[in-house]
Structure formats: C-alpha cells, structure tokens
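Have a look at the structure below, then the notes.
The values are calculated or read from the model by the stated rules, or taken from the named source; none is laboratory data. Model, not experiment: these values are computed from the prediction. Neighbour counts run over all protein chains shown; Cβ positions are idealised from the backbone, glycine included. These area figures cover heavy atoms from the full protein model, side chains too; ligands, DNA and RNA do not enter into them. Shrake-Rupley method; radii C 1.70, N 1.55, O 1.52, S 1.80 Å.
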Protein chains: 2
Amino acid sequence: MRNGTKIEKEARPRGRPRGFITSEVLERVRDVFLTKGFAAASLDELSAAAGLNRPSLYAAFGDKEQLYISTLKHIGQKSVEAMDAILSGPEPIEQRLGRLYKGAIDIYTKPPNRPGCIIVATATVESPSHPRIGAAANEILASFEKAFERGFASSDLKPAPSPAERASMAGAILYAIGIRARLGVPAAELRTFTKSMIPVICR
Amino acid sequence: MRNGTKIEKEARPRGRPRGFITSEVLERVRDVFLTKGFAAASLDELSAAAGLNRPSLYAAFGDKEQLYISTLKHIGQKSVEAMDAILSGPEPIEQRLGRLYKGAIDIYTKPPNRPGCIIVATATVESPSHPRIGAAANEILASFEKAFERGFASSDLKPAPSPAERASMAGAILYAIGIRARLGVPAAELRTFTKSMIPVICR
DNA sequence: GGATAATTATGCGGAACGGTACAAAAATAG
DNA sequence: CTATTTTTGTACCGTTCCGCATAATTATCC
C-alpha cells in the first residue's frame, strides 16, 4: 500500500480545469435515464440536464452507453451502501427489512414520475442489444443480494432457508416493488405487500 | 346469447382481402419488441418481421404504441391461458408451481436472445413516457396474479397467508425470473432458485 | 509573457426515425 | 363490364438522432 507519488500541492492538472463534478453530473443524467430509459433518452436531454455541452459529455464519459453504465454503477454503489447501512442495524431482521422496503417504496413512487428502480425498470430491456449494460446490471443486482445476505447472516433466524436463499427472495420482492411502482401501483398497496411478505421470508 | 346477424356466406367484406392474419402478425412483431424493446424497435424492423409494408401496419394497428399494446395484450391473454392450464391441474400446488416456473424459465432463457418477460423487461420502462403502455402492462400483471390466486385457492394450504398474498409472492418470483434471465443468469441457477422458493411460498 | 494542454462552446452532417401521400392491385356489387 | 371499396407497394417528407470537427477559452509550465 505504499504511496510513492508526491501529493504536495494537490497535483493540479495542466490545462483548463473542469467546470463540473463527476458525481453531480451522473446524478443529473440519472434523472433523464430513469424517466426515459436508455434508448429514448436523447443526448440533447442528457446534456441539458447535466448542464454540459455534448462534446464535454463525450470527453468525460464516452458515448451514451458508457455514460449510462457509469450512471448505473454510481447509483448501484450508493444503493448498496444505503442497504448496508440499514441491514447492519441492531434491530431484528424483520424490522431492518421493513425499513429498507419502506425507503425503497418512497423512492420508487416519488412524484411526479414514480420512477421505480433504474436497474430492473430501465437497464434490463437493453441487455440483448447492449450486453455490457446487461452485465453491469446483473452485477449490481448480485451485489444487492449480497447485501441482503449479509443482513440475514446477522440474524437469529433458523439456518434453513439459508441466508443466500432468503436473500434471493428478498431481492425478488424488491424487484417486484421496483416494477409495480413504475406501473402505477399505489405506495400503500406496495407497503401492505411487503408487510405480508416479510414474515414469509423470515419464517 | 342470441345471434341475430346473418352468418350465411361468412359475410366476406367488400374490398381487397387482407393478406395476413392478425394474430400471426402480432406474434412476429413480438419477436422484435421482445428483443429490442418498444423505443428501440424501428418500424422498418417491425414491418419487415411482420411481412407487411409500413402503411399496412398503420392501417391495421395504428401507430407504434398501439401496435405494441396490441402485442402486449395478445401475449398477456395467451400467457394467462397457459398459466391457468397448468395451475388448474390435479397435482399438489407445489408441483403445479414447479411446472409453471420450469416452463417460464425455458421461454425466458430461450437462445439466442434470453428474452425474459416482455412485460416486466420491455413494457415497464415505457410507463412514464407512455402511460397507456404502463396501464396495459399493469393490467396484465394483475391478471397473472389472479391466475396464481386461483391456483392457490384450489389447494389444501393453510388459510394464512391468503391465496392473494401467496399469489403476490409467486408473481414476484416470476418477475425476478423474467428479469434475471434477460440479464444472463443461467437457466440452471434460476431453476434452483424456484425450487428453493416454492416451499417458502407454500409453507 | 509565450508555449502548451485541457476544457468549453458553436455548429454541422450523414443517417435513421416515424408517419403519410399516392397510385396500382385485387376483391365485391350491380 | 363498370363502379366501388379495401389493401398493397413505392417513394417520400420533415424531424430527430448521435457523434464529431473546429475554434475560442482558461488554466499551468517554463
């Protein structure tokens, strides 16, 4: 882990400095991708939302597919962190799951778009035409289920079903929420759905 | 149920007869929509797959959105029929579910595309921009869960969780398969997933 | 200050898009 | 056979699309 580079003076790069912050741009274009999906999101909309001109977007992120994948990975990482923060709590696993699902429902049904989950609701469709998008989405979903698995591992549930099996089921519930929210199912209905599912998963 | 119209001579309509069958066209354009999604499917591809010229498609089905919705409803109806055929069988509900999921996995992972489910994998993304697509998809998913509910109602499972609750969970499993298949998860892994979920749903 | 390097802004260009106008073709009605 | 009705085939129109070429701007290096 030795760091041999000089860090004095923060090593400001040579040319004109960027007028934007990468994470902020990704979070702005996310809104467009989340609403329109990858295919229907135009570069005009994306650059307008980002506050960057088209060539700046290209120089910083590459083409539309690369920009979309960067957005997916950024959101995926932040989502896993949020999931871990909830799932590593001290309460019983039932309560941790309840908080997680409630938070997800709030995000997924947020007005005015009811966007659902960007992975299951917008990335999945592109998988056959854009295999790299599919691979990135698959990895993120796998990391979601790993987070669930860590949560179930730190609980006093019976060893069967295994934490991994419970995690798959918890993921399926989350994906169902992400889909049905986008299709218009009211938040209250989604909440009662999760409330009835949690005891089944945690039996 | 009285049928007062004259059916003699089959009432051949006036002008030039159509050179296609509606259901066949819908099943051909389905392949394009299923692979590319709604937004990325071009009318050139759709009319080529249908074997119809563009104006014929428009005259018969309206614009691209209407054609897509007609395709969704056609597949949704046939899917519900297939689900009912399996779920109304005489075996225990666990076996019926197993057969249903096995059939779904075969379809969802079919080479070369691993298309997944057209509803959850291609319709969901369009919901914010095309509310009629979202409404149609939501209705179809609701009819899927009604079919599950009928299956659970004709079983000797305990009354709690209710057939409706079990149906929601069975639907969530089906949607998860439809997503993960499209994202590249191997069929064998999906089968072990369902095998571990069925006892949980039917506990 | 001058040279260099990176980013920003303007604008374009070829291709693909969804949708339609129009005329030829194929059937029935009388 | 003539008139009518519907479908089919060709060709096109205006728009939007993605990506880039080019030049102006803003910083550091010497």
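Using a 1.4 angstrom probe on the protein heavy atoms only, could you order A:R96, B:R30 from most to least accessible area?
Highest to lowest solvent-accessible surface, that is B:R30, A:R96.
Rounding to the nearest 20 debye, state how big the charge dipole of region B:132-175 is about its Cα centre with +1 on each Lys and Arg Cβ and -1 on each Asp and Glu Cβ.
For region B:132-175, the charge dipole is close to 40 debye.
Defining the label point at 7 Å along Cα→Cβ, can you sort the distances from A:R18 to the same site in each other copy, shortest first, in nm?
Ordered by distance, the counterparts are at 5.4 nm.
Could you list, in their original order, any pairs among A:K158/B:K78; A:K110/A:K158; A:K195/B:K102; A:K102/B:K78; A:K146/B:K64 whose Cα atoms are separated by more than 31 Å?
A:K158/B:K78; A:K110/A:K158; A:K102/B:K78; A:K146/B:K64
Per residue, how much space in cubic angstrom lies within the convex hull of the C-alpha atoms of chain A?
163 Å³
Given the options A:P161, A:V80, A:S129, identify the residue whose Cα lies farthest towards the positive end of the charge dipole of region A:67-193 (+1 on Cβ of Lys, Arg; -1 on Cβ of Asp, Glu).
Final value for the positive-end residue is A:S129.
What percentage of the solvent-accessible surface of chain A, computed with a 1.4 Å probe over protein heavy atoms, is contributed by carbon and sulfur atoms?
Accessible surface attributable to carbon and sulfur in chain A totals 54 percent.
At a probe of 1.4 Å, how much accessible area disappears from chains A and B on forming the pair, both sides counted, to the nearest 100 Å²?
It comes to approximately 3300 Å² buried between A and B.
How large is the dipole of the protein assembly as shown about the Cα centre if only Lys and Arg carry +1 and Asp and Glu carry -1, each at its Cβ, rounded to the nearest 20 debye?
380 debye
Quick one: among A:A82, A:A59, A:A176, which has the greatest mean-square fluctuation in a GNM of chain A with alpha-carbon springs under 10 angstrom?
Answer for the Gaussian network model of chain A: A:A59.
Where the only charges are on Cβ atoms (+1 Lys, Arg; -1 Asp, Glu), what is the dipole of region A:73-203 about its Cα centre, to the nearest 20 debye?
280 debye
Defining the label point at 7 Å along Cα→Cβ, can you sort the distances from A:G184 to the same site in each other copy, shortest first, in nm?
Computed spacing set for this position: 3.5 nm.
Using a/c under 1.5 as the rounded threshold, could you call region B:90-129 rounded, prolate or oblate? The axes a ≥ b ≥ c are square roots of the C-alpha gyration tensor eigenvalues, and prolate needs a/b larger than b/c, oblate otherwise.
Here region B:90-129 falls in the oblate category.
Report the FRET efficiency, 1/(1 + (r/R0)^6), for B:E81 and B:R14, where r is their Cβ-Cβ distance and R0 is 35 Å, rounded to 0.05.
Between B:E81 and B:R14 the formula returns 0.55.
At 1.4 Å probe size, with every protein chain present, just tell me what the per residue accessible area of the protein assembly as shown comes to in Å².
51 Å²
At 222 nm, what value in deg cm²/dmol follows for chain B if DSSP H runs of at least 4 each add -39500 (n - 2.57) and the sum is divided by all its residues, to the nearest 500?
For chain B, the value works out to -21000 deg cm²/dmol.
Leaving ligands, DNA and RNA out of it, work out the accessible area of B:F152 with a 1.4 Å probe and give it in Å² to the nearest 10.
10 Å²
How long are the semi-axes of the equivalent ellipsoid of region B:49-132, taking √(5λ) for every eigenvalue λ of the Cα gyration tensor, in whole Å from largest down?
After diagonalising the Cα gyration tensor, the semi-axes are 31, 14, 14 Å.
If you bin every alpha carbon distance in the protein assembly as shown into 10 Å steps from zero, what whole percent lands in each bin?
Calculated P(r), rounded to whole percents: 4, 20, 29, 23, 13, 6, 3, 0, 0, 0.
Got the A:E139 label distances to the other copies yet, label 7 Å along Cα→Cβ, in nm, shortest first?
4.1
Once phi is turned into θ = phi - 60°, what whole-Hz ³J(HN,Hα) does the Karplus curve with 6.51, -1.76 and 1.60 give for every residue of region B:140-155, x standing for Gly and Pro?
5, 4, 5, 5, 4, 5, 5, 5, 4, 4, 4, x, 6, 5, 9, 8
What is the sum of charges, Lys and Arg at +1 and Asp and Glu at -1, for the other residues whose Cβ falls under 10 Å from the Cβ of B:S42?
Net local charge, B:S42 excluded: 0.
Based only on Cα atoms, what Rg/Rh ratio does region B:111-203 have, Rh being taken as Kirkwood's radius?
Using Cα coordinates only, the ratio equals 1.02.
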